[in-house]
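Novice: Sharing a structure below in structure tokens format, with a few things to ask.
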4 protein chains.
Amino acid sequence: MIVVLKNNAPKNKQEQLVEWLKQMGLGVHVFTGEFQTVVGLIGDTSGVDMELIKSLDIVDSVKRISEPFKCCSRRFHPDDSVIDAGGVKIGGGHFAMIAGPCSVESEEQIVYVAKAVKAAGANLLRGGAFKPRTSPYDFQGLKAEGLELLKIARRETGLPIVTEIMSAGDLDLFRDVDVLQVGARNMQNFDLLKALGQQPKPVLLKRGLANTLRELLMSAEYIMASGNENVILCERGIRTYSDYMRNTLDLSAVPMLHELSHLPVVVDPSHATGIARMVEPMALAAAACGCDGLLIEVHSDPEHALSDGAQSLKPEQYAPLVKKVLAVRETVRG
Amino acid sequence: MIVVLKNNAPKNKQEQLVEWLKQMGLGVHVFTGEFQTVVGLIGDTSGVDMELIKSLDIVDSVKRISEPFKCCSRRFHPDDSVIDAGGVKIGGGHFAMIAGPCSVESEEQIVYVAKAVKAAGANLLRGGAFKPRTSPYDFQGLKAEGLELLKIARRETGLPIVTEIMSAGDLDLFRDVDVLQVGARNMQNFDLLKALGQQPKPVLLKRGLANTLRELLMSAEYIMASGNENVILCERGIRTYSDYMRNTLDLSAVPMLHELSHLPVVVDPSHATGIARMVEPMALAAAACGCDGLLIEVHSDPEHALSDGAQSLKPEQYAPLVKKVLAVRETVRG
Amino acid sequence: MIVVLKNNAPKNKQEQLVEWLKQMGLGVHVFTGEFQTVVGLIGDTSGVDMELIKSLDIVDSVKRISEPFKCCSRRFHPDDSVIDAGGVKIGGGHFAMIAGPCSVESEEQIVYVAKAVKAAGANLLRGGAFKPRTSPYDFQGLKAEGLELLKIARRETGLPIVTEIMSAGDLDLFRDVDVLQVGARNMQNFDLLKALGQQPKPVLLKRGLANTLRELLMSAEYIMASGNENVILCERGIRTYSDYMRNTLDLSAVPMLHELSHLPVVVDPSHATGIARMVEPMALAAAACGCDGLLIEVHSDPEHALSDGAQSLKPEQYAPLVKKVLAVRETVRG
Amino acid sequence: MIVVLKNNAPKNKQEQLVEWLKQMGLGVHVFTGEFQTVVGLIGDTSGVDMELIKSLDIVDSVKRISEPFKCCSRRFHPDDSVIDAGGVKIGGGHFAMIAGPCSVESEEQIVYVAKAVKAAGANLLRGGAFKPRTSPYDFQGLKAEGLELLKIARRETGLPIVTEIMSAGDLDLFRDVDVLQVGARNMQNFDLLKALGQQPKPVLLKRGLANTLRELLMSAEYIMASGNENVILCERGIRTYSDYMRNTLDLSAVPMLHELSHLPVVVDPSHATGIARMVEPMALAAAACGCDGLLIEVHSDPEHALSDGAQSLKPEQYAPLVKKVLAVRETVRG
């Protein structure tokens, strides 16, 4: 960690700071320049509160040299993590094709889709029971009943289930869910993260609307430092000034997260683009840059014209996509 | 609400859609153009799920004409709301000078600051007991003990207290707090918002890191639709590509929120800029464009050089700021 | 085009507006709702000044239904454009591997790199002679001399050359360049665009730092409406709050631009990421989602350790990348 | 300047780098830590090409300690610059009220507005003759004729004129203009900046759509380093994900630019918000945080209802705004 002091930082305050840093067990090197003094810290700085130091009135800026994350850092865990999601492996060469409808609507619907995506090549089933909605007047999901329907679909197909949890208070309802998803809006709901760190099921952690990769990794760190190492990272598009897409899918996050961390990285092209016909090209691109899985919305209800989601694929569109994704994966892995 | 259909939308699907919209009790007008068909909806569309309609495969886009919020809308409540915060009024001409340290650290500290800011002109005391931190290794606040220290400071000064709640599970601890703050990272923690809507204390709702004004108002709507009309909106800077400031303070939010809503709007220049010497100019600017209050970090601890926060003012800097703010307010109100 | 009028728009002003729109040769349909009146315009609205209408005081908002671009629109030109770049075809199934150093530095350097990238599979040579730099104190390129060196490299290898033009005043110097590049900072330098539209050489138009796809296409429209239809679009990353990358590569631009326009779309993963080891995964991803070419920085100077650019690949890294890109392309094209 | 080397940077390459930096006349201090080596540079580093150093393969990151700008830096020019704009002073306590229509349309219009804004308290006249428009099909301004009409209005009122130049090729037409404006889209059109640096008239430099303050100052540096020290900086809103405003006015730029530079800073609330009723609150806020002037759109044409610009004020709205702005200014200056 590099601490740059202000031009005019008084000597005695500089000494106080150096003393305090040494008491934290750090090696401290002071480098005095013409205009500024720079203090270099050596040792384990992950416990050093960067904001606190930055707030000192003699400090101009603070820069981390080594990253503040430990549990999720590749530096300390060179090998890829392989997460067991209800019997399906994710990461380290194992690929997750997670598919299903946006919302669980009925037993008929979820069982139909589950069978269809399984036949098309999916190995995990997704579906929303608790739905975070911008408006309190929009449909909030079937909640507990939706979870039960997902379990029926799992029984019928053998596919492990992935579904979103919105509150630590609901954890008991999720004991039998295979993968607990944290939505973008809750990426920094730290109480929820801590609670998920105190139970053993894998957590699929979506990147927040406008969060950086470092913040995403620090949120994974909350879960892991609380005791649960089974975290799957998910890129789902970030907020920009895009005019044709709902969000901007940041695929460079995939190789960069792989470089920084040993955790698997999956991509959600459905939410990122919001447009069904953009899902396939973005899924192929994600596979080409090395993601460990894809979260794709697939709906059913062929006789019910109204529910054809603009962002959801039909099962007959999903099946060829799976084939192409696997072919691209094979091509790039050589 | 205007629904634009795709070029090639088949007639029978168009009719299905129109039928379905009519069943929702809406007036439906169809306007057929050369390239596109546009469907206009009349009536109360706040309960219409825009995302659902957008997801239909015959729909190109959906545009709301009237806003989706009701409880917080000025259209239905032309007069400014006046919120009673532990006896201090906010909004409708009443101005809140909310001040205090970033974190509650000790009884001595918080009582000292409370007395100092009261003497300087503050009418509410702020201080963090539960602290949302990006890193699990950073100081997370004194929690329940911090709340008790805030109450001691309130007893000593008479200032009502404002402090952040991070989880619905903690609500019992906050029964005796005057204003419950929702932090930027929890602006779309909908379970927390609903819980805060089911208790009577005023809620200070901070705008999220990259949230729009409509999303902020919809989050206020969650609280109000759950039963609690005492909501104070807070602009605290948004995430951009700024190079010198922590965030970009969006002051145009103040007059625009006043136009859209009857709720009071306060501004937090300390978190927005992260730089103590920028707090005064931004506080004056906020007052000049009509905000209903200011949330400003003031620290104490004059003997403890290290805790001089770069973003916090000293009491002796806060006192003249209060005077100038009130002078600007008087000038613009004429 | 849909014009939404304000609630309280006086009748006589509404009629004036309708009259004026009819005089522009448009079909005008008025649809009166409970709260608002909506005016639908039919016919060729690409010449209608949307900003002007939006600025009328009785108008609430204006929404285009059909896009404002004509020359570059796929609606009017369903087939892919194939651009001839000094004998190399780009678009419509023809792939451009454009490679070379950031700056032209010497004859030895550019000829060495040109031969190396040709051997590795490149079919066009890039290199900067006029360099747009944020600081006036940074190296601004070899300018006219750099162009001459590029021509020498072309003579030696047969590779057509792509290089940036920064000012209409320099056009004479560029008469013999095969492809003229417009940099991100000049994407809305409309005088330069018009001048490039009045000469016949293909233009590689880079997307601006924070420009939308619609703005990119409107800038292409400037060139095409001025008489030059040979435009190649280039995605090179947009500005966000990214913490590890220089910019955020927006790959969803590739399929979306292909849907909106018949022009070829190339991708520059070197500038987008600024990190050499991110270039290959992003190049593969770009190929997987259907781009028509890649602009990649390759440097030489193996004996001169200092010039190993963090964003540039060595020729021995570029050769296997080309092979993988072509393999991915073949896989996704089936 | 601080250069952080990579973990595994080979010793001999480190030495090569240090040698090379010393040859540039810099003091070089090497600080070797446990994980990383940090190189500190002392002396005039404004001529050091940061991108070049960052691109070396042994370098992890580069951080400037002192800013890269010289001519515009307050460090070297502690006193505020006062710019003479056709006889009207701007900066250092002198306030510019620049007003006028978006576009010059006719002699009648511009003379009418010029007289009206002068009566209302404006001391400079603005009006667009060359108009940068996103679409080639939109009105591009009256060009040379518009400049002549502005001069007529100047003759009639004595107000100096401010108008936008889009291309260095047009400079001859602008010899007699009092202040040459560079629009947001041309902020990094470096050839235009250099040309404006080689003529003596003041330049009003607008911040680009998504440019940082450092980039704005470096563009000012281009003009000043070319010989013209008469630069006025202008904040006009930046691009974000705002839902109700055209852009996000970044008022914190005002005090921060004043801290970094001695140049005057004016604010354009009309373009920033795009909404007439937001202009007054934002103008007052800008005055409260210390700006040196305001650029405000005022239109005329009272009999021609259609041209009531949503973003333009009427003269009768502008007059009370001027009074309030001056009152706020007096209040904050004490």
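The values are calculated or read from the model by the stated rules, or taken from the named source; none is laboratory data. Since the structure is predicted, the reported quantities are computational estimates derived from the model, not experimental observations. So basically every Cβ, Gly included, is an ideal-geometry build from the backbone, and we count neighbours across all protein chains shown.
Novice: As an exercise: evaluate D:Asn8 against (1) out of contact with any Ser or Thr (no Cβ under 9 Å at 6 or more places or on another chain); (2) part of a helix (DSSP H, G or I) and give the number of the one condition it does not meet.
Specialist: Single failed check for D:Asn8: (2).
Novice: Hey, among the residues in segment C:32-42 that are at pLDDT 75 or above and not aliphatic (A, V, I, L, M), which one's surrounded by the fewest Cβ atoms within 10 Å (Cβ to Cβ)?
Specialist: C:Thr37
Novice: How do the pairs read when you match residues in segment C:70-89 that are farther than 12 Å from C:Leu263 by Cα with residues anywhere that are surrounded by fewer than 19 Cβ atoms within 10 Å (Cβ to Cβ) and at pLDDT 95 or above, using Cβ under 6 Å and keeping only pairs 6 or more apart or on different chains?
Specialist: C:Lys89/C:Val82
Novice: Restricted to segment A:220-235, and to residues that are surrounded by 24 or more Cβ atoms within 10 Å (Cβ to Cβ) and free of Cβ contacts under 8 Å to residues at least 60 places away in the same chain, which residue is nearest to the other protein chains (Cβ to nearest Cβ)?
Specialist: Of everything passing the filter in segment A:220-235, A:Tyr222 is nearest to the other protein chains (Cβ to nearest Cβ).
Novice: So, of the residues in segment C:87-110 that are surrounded by fewer than 19 Cβ atoms within 10 Å (Cβ to Cβ) and of a type outside the set (S, T, N, Q), which turns out to be farthest from C:Asn230 (Cα to Cα)?
Specialist: If we filter segment C:87-110 for residues that are surrounded by fewer than 19 Cβ atoms within 10 Å (Cβ to Cβ), which is where we start, we get C:87, C:89, C:92-94, C:106-108.
From what's left, of a type outside the set (S, T, N, Q): C:87, C:89, C:92-94, C:107-108.
Working: C:Gly87: 13, C:Lys89: 11, C:Gly92: 13, C:Gly93: 16, C:His94: 15, C:Glu107: 29, C:Glu108: 32 Å.
That would be C:Glu108.
Novice: Still on this structure, please answer the following. Given (1) in contact with a strand residue (DSSP E or B) (Cβ under 9 Å, 6 or more places away or on another chain); (2) at pLDDT below 95, where does B:Ala96 come up short, assuming only one miss?
Specialist: All conditions pass for B:Ala96, except number (2).
Novice: Continuing with this model, one more query. Answer yes if at least one residue in segment B:27-41 is part of a loop (DSSP other than H, G, I, E, B), more than 19 Å from C:Gly40 (Cβ to Cβ) and not assigned by TED's automatic domain parsing to the domain that holds B:Leu263, and no otherwise. Before you say what the answer is, go through the steps one by one.
Specialist: Residues of segment B:27-41 part of a loop (DSSP other than H, G, I, E, B): B:33-36.
Of the ones still in play, those that are also more than 19 Å from C:Gly40 (Cβ to Cβ) are none.
The answer is no; no qualifying residue exists.
Novice: Taking segment A:196-209, which residues are assigned to a loop (DSSP other than H, G, I, E, B) and more than 9 Å from every other protein chain (Cβ to nearest Cβ)?
Specialist: Taking segment A:196-209 as the starting set, the residues that turn out to be assigned to a loop (DSSP other than H, G, I, E, B) are A:198-202, A:207-209.
Answer for segment A:196-209, where residues must be assigned to a loop (DSSP other than H, G, I, E, B) and more than 9 Å from every other protein chain (Cβ to nearest Cβ): A:Gln198, A:Gln199, A:Pro200, A:Lys201, A:Pro202, A:Arg207.
Novice: When A:Ile296 is evaluated against the numbered criteria (1) at pLDDT 95 or above; (2) touching a helix residue (DSSP H, G or I) at 6+ places or on another chain (Cβ under 6 Å); (3) at the interface with chain C (Cβ under 10 Å from one of its Cβ atoms), which criterion, by number, is the only one it fails?
Specialist: (3)
Novice: Just to be sure I understand, how many residues within segment C:312-334 are within 13 Å of chain A (Cβ to nearest Cβ), part of a loop (DSSP other than H, G, I, E, B) and in contact (Cβ under 8 Å) with a residue 40 or more places away in the chain? Give the steps one after another, and end with the answer.
Specialist: In the first step, residues of segment C:312-334 are kept if they are within 13 Å of chain A (Cβ to nearest Cβ); the result is C:320-321, C:323-334.
Applying the additional criterion that residues be part of a loop (DSSP other than H, G, I, E, B) yields C:334.
If we keep only those that are in contact (Cβ under 8 Å) with a residue 40 or more places away in the chain too, we end up with none.
The total comes to 0.
Novice: Is it true that some residue in segment B:185-203 is among the charged types (D, E, K, R), under 21 Å from B:Val82 (Cβ atoms) and assigned by TED's automatic domain parsing to the domain that holds B:Pro101? Steps first, answer last, please.
Specialist: Of the residues in segment B:185-203, the ones among the charged types (D, E, K, R) are B:185, B:191, B:194, B:201.
Next, from what is left, pick out any that are under 21 Å from B:Val82 (Cβ atoms): B:201.
So of that shortlist, the ones also assigned by TED's automatic domain parsing to the domain that holds B:Pro101 come out as B:201.
So far as segment B:185-203 goes, yes, one or more of its residues are among the charged types (D, E, K, R), under 21 Å from B:Val82 (Cβ atoms) and assigned by TED's automatic domain parsing to the domain that holds B:Pro101.
Novice: Now for a different question. Quick one: D:Asn186 ticks every box in (1) within 26 Å of C:Ile165 (Cα to Cα); (2) touching a strand residue (DSSP E or B) at 6+ places or on another chain (Cβ under 7 Å) bar one, so which box is it?
Specialist: Going through (1) within 26 Å of C:Ile165 (Cα to Cα); (2) touching a strand residue (DSSP E or B) at 6+ places or on another chain (Cβ under 7 Å) one by one, D:Asn186 breaks only (2).
Novice: Report the residue count in segment D:4-56 for those that are free of Cβ contacts under 8 Å to residues at least 24 places away in the same chain, within 10 Å of chain C (Cβ to nearest Cβ) and hydrophobic (A, V, I, L, M, F, W, C).
Specialist: Residues that pass the stated criteria total 2.
Novice: Still on this model: Taking the criterion of being more than 27 Å from B:Arg333 (Cβ to Cβ) and touching a helix residue (DSSP H, G or I) at 6+ places or on another chain (Cβ under 7 Å), would at least one residue in segment B:246-263 satisfy it?
Specialist: Checked segment B:246-263: at least one residue is more than 27 Å from B:Arg333 (Cβ to Cβ) and touching a helix residue (DSSP H, G or I) at 6+ places or on another chain (Cβ under 7 Å).
Novice: Looking at (1) within 11 Å of chain D (Cβ to nearest Cβ); (2) surrounded by fewer than 18 Cβ atoms within 10 Å (Cβ to Cβ); (3) not charged (D, E, K, R), which is the only condition C:Phe69 fails?
Specialist: (2)
Novice: So, in segment C:108-119, of the ones that are touching an Asp or Glu at 6+ places or on another chain (Cβ under 8 Å) and hydrophobic (A, V, I, L, M, F, W, C), which residue ends up nearest to C:Ser270 (Cα to Cα)?
Specialist: By that ranking, first place goes to C:Ala114.
Novice: Then there's this: Based on this model, can you work out whether D:Thr248 counts as facing another protein chain (nearest Cβ under 9 Å), among the β-branched types (Val, Ile, Thr) and either free of Cβ contacts under 8 Å to residues at least 12 places away in the same chain or crowded, with 24+ Cβ neighbours inside 10 Å (or both)? Write out each step before concluding.
Specialist: Values: facing another protein chain (nearest Cβ under 9 Å): yes; among the β-branched types (Val, Ile, Thr): yes; either free of Cβ contacts under 8 Å to residues at least 12 places away in the same chain or crowded, with 24+ Cβ neighbours inside 10 Å (or both): no.
In short, no.
Novice: Any chance you could count how many residues in segment D:133-185 are within 14 Å of another protein chain (Cβ to nearest Cβ) and basic (Lys, Arg)?
Specialist: Selection size over segment D:133-185: 3.
Novice: Also, quick follow-up: Could you check segment C:5-27 and list, in sequence order, the residues that are under 23 Å from B:Met1 (Cα atoms) and surrounded by 19 or more Cβ atoms within 10 Å (Cβ to Cβ)?
Specialist: C:Leu5, C:Leu17
Novice: Could you list, in sequence order, the residues of segment C:114-142 that are out of contact with any Ser or Thr (no Cβ under 8 Å at 6 or more places or on another chain) and of a type outside the set (S, T, N, Q)?
Specialist: Those that are out of contact with any Ser or Thr (no Cβ under 8 Å at 6 or more places or on another chain) and of a type outside the set (S, T, N, Q): C:Val117, C:Ala119, C:Ala120, C:Gly121, C:Ala122, C:Leu124, C:Pro132, C:Arg133, C:Asp138.
Novice: Further question on the same structure: For segment C:219-242, indicate whether the set of residues that are of a type in the set (D, E, K, R) and farther than 30 Å from C:Lys194 by Cβ is non-empty.
Specialist: no
Novice: Taking the criterion of being modelled with pLDDT of 80 or more, in contact with a Ser or Thr (Cβ under 8 Å, 6 or more places away or on another chain) and of a type in the set (Val, Ile, Thr), would at least one residue in segment A:53-71 satisfy it?
Specialist: Scanning segment A:53-71 turns up no residue that is modelled with pLDDT of 80 or more, in contact with a Ser or Thr (Cβ under 8 Å, 6 or more places away or on another chain) and of a type in the set (Val, Ile, Thr).
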